[in-house]
Structures are given as C-alpha cells and as structure tokens.
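Notes for the one structure printed next.
The values are calculated or read from the model by the stated rules, or taken from the named source; none is laboratory data. As the structure is a prediction and not an experimental result, all values here were calculated from the model. Note that each Cβ is placed from the backbone with ideal geometry, even for glycine, and that neighbours are counted across all protein chains shown. SASA here: full protein model, heavy atoms, side chains in, ligands and nucleic acids out. Shrake-Rupley method; radii C 1.70, N 1.55, O 1.52, S 1.80 Å.
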Amino acid sequence: NAGVTQTPKFRVLKTGQSMTLLCAQDMNHEYMYWYRQDPGMGLRLIHYSVGEGTTAKGEVPDGYNVSRLKKQNFLLGLESAAPSQTSVYFCASSYGQLNEKLFFGSGTQLSVL
Amino acid sequence: EDQVTQSPEALRLQEGESSSLNCSYTVSGLRGLFWYRQDPGKGPEFLFTLYSAGEEKEKERLKATLTKKESFLHITAPKPEDSATYLCAVQPTTGGFKTIFGAGTRLFVKA
C-alpha cells in the first residue's frame, strides 16, 4: 500500500533556482493538496485540486504553481526560489472535501540558500 | 478570525503517567475537528474526527473529547511509542472546505 508518495525527500536550492515537487497517490482520490509546515506554525494550504485538470489557490499561494494533468499526480513548482520558501512540504489527498480525513505523504525538506 | 491553539507546546511524561493535550478553537461554526499524529520525518497520520460537543472517540490509549470551544486528547498510561507530535485541525462551516491546523503538541514519553 503506497498511499501518497512524494519525491524528492530532500532538496537544496540556491535563490532564484526553480524546481518541481511530485506527488502521486494510488487511492483514486479526487482531492489533492499541497501544504507547507514551518516551526511553531500549523500546516498551511498552498494550493489544492478538486479533480483532474483543476487547481485552486489556498492560504499561501504566492511564489508557487501547481498542475494536475493526471488524477493520480499533483505537481508543485517553484519558479524562482526564495529563502522564505525554506520549509517542509507535504502533499495530501482525500476522497471528499467535507469532514474527510487527509492522507499525507512523508514530506519534502526544502532548503533555499 | 478562525483559529486553532494547542497547548502545551511540549509535554514530557514518564511511562504510565496519564495526561491530556488541549486544542482550543475559535470558529463561527464547526463542521468537524480532527486529530492527527505526526512522527519525526513523516507526514501526519489520521487519528479521529469529532463532529459535535459531547462526542468521544477512543483508540488504544488515546481518547478524544469535544466541547463547544475545545477538544482534549487524553493519553492513558502512555508508552514510549506514543512519543510524537499531535496535531489538531478544524473544518469550519464557513469559508468553503478549508481545514485549519494548530501548531501541535510534541509529546515525549520516557521509559
């Protein structure tokens, strides 16, 4: 049972570089999310998707882009990384939106120097 | 403004020493309250969903309770393997489907 798989697990970038984080889920969930987790703060929603081909902004979307070309995959892109984007990124998925538990990946530790 | 506050930030217990973690929330209306467990280097793992005041749910040594303003996660006779960060999250009835997470309580259980 793979569940939600994120790659890579660790990444170091220089300011201004770009990168893409990949999330894949094998539970046939419609809804997928990208969160960031910073020390002393709760998980914050970056972007989400309610189905294949759809994306929407969350709480902290600036500096990030996403795409969901296939139902099982949700990509998070940073076009020009900034030190403020140093964080742990989690992908999650759920069957529904309301009162539905989230299934999380194991996270990506990103450092921007 | 919708808000979730967890206390304490960290809790150190001896094995077998029961205690409670607190989650206070401020929302216009509550659709659901969630508890997750997060181990170091891993993503959060779902524990419970509570929907209305007075509701309780149990799983092994954990029991979650809900009032109109807060939720408690009671840990009875904890073991070292219960050491983790416990996250509380709420889904308000307004603002779409958004889920608001607290910062978590780090629990350390010493043998």
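Some notes on this structure:
- Hits in region A:35-73 - residues which are away from every other protein chain (no Cβ under 14 Å), in contact (Cβ under 8 Å) with a residue 24 or more places away in the chain and not β-branched (Val, Ile, Thr): A:Tyr64, A:Arg68, A:Lys71, A:Gln72, A:Asn73
- Residues of region B:1-25 that are modelled with pLDDT under 95 and in a strand (DSSP E or B): B:Gln3 alone.
- Note on region B:79-102: residues that are within 14 Å of chain A (Cβ to nearest Cβ) and open to solvent by less than 50 Å² (accessible area, probe 1.4 Å) total 15.
- You will find that of A:Thr20, A:Thr15, the residue that is open to solvent by 60 Å² or more (accessible area, probe 1.4 Å), in contact with a helix residue (DSSP H, G or I) (Cβ under 8 Å, 6 or more places away or on another chain) and among the β-branched types (Val, Ile, Thr) is A:Thr15 and no other.
- In region B:26-37, residue farthest from the chain's Cα centre (by Cα) [restricted to those that are modelled with pLDDT of 95 or more and open to solvent by less than 20 Å² (accessible area, probe 1.4 Å)]: B:Leu33
- Residue pairs whose Cβ atoms lie under 7 Å apart, separated by 6 or more positions or on different chains, with the first residue in region B:17-34 and within 14 Å of another protein chain (Cβ to nearest Cβ) and the second open to solvent by 30 Å² or more (accessible area, probe 1.4 Å) and among the aliphatic types (A, V, I, L, M), are B:Arg31/A:Leu98.
- Subset tally (residues that are of a type in the set (Ser, Thr, Tyr) and either open to solvent by 80 Å² or more (accessible area, probe 1.4 Å) or over 19 Å from B:Pro92 (Cα atoms) (or both)) for region B:57-78: 1
- Of all residues in region B:65-86, those that are within 23 Å of A:Gly40 (Cβ to Cβ) have Cβ atoms under 8 Å from Cβ atoms of residues that are surrounded by fewer than 16 Cβ atoms within 10 Å (Cβ to Cβ) and of a type in the set (D, E, K, R), 6 or more apart or on another chain, in B:Ile75/B:Arg61; B:Asp82/B:Arg61; B:Ala84/B:Asp39; B:Thr85/B:Asp39.
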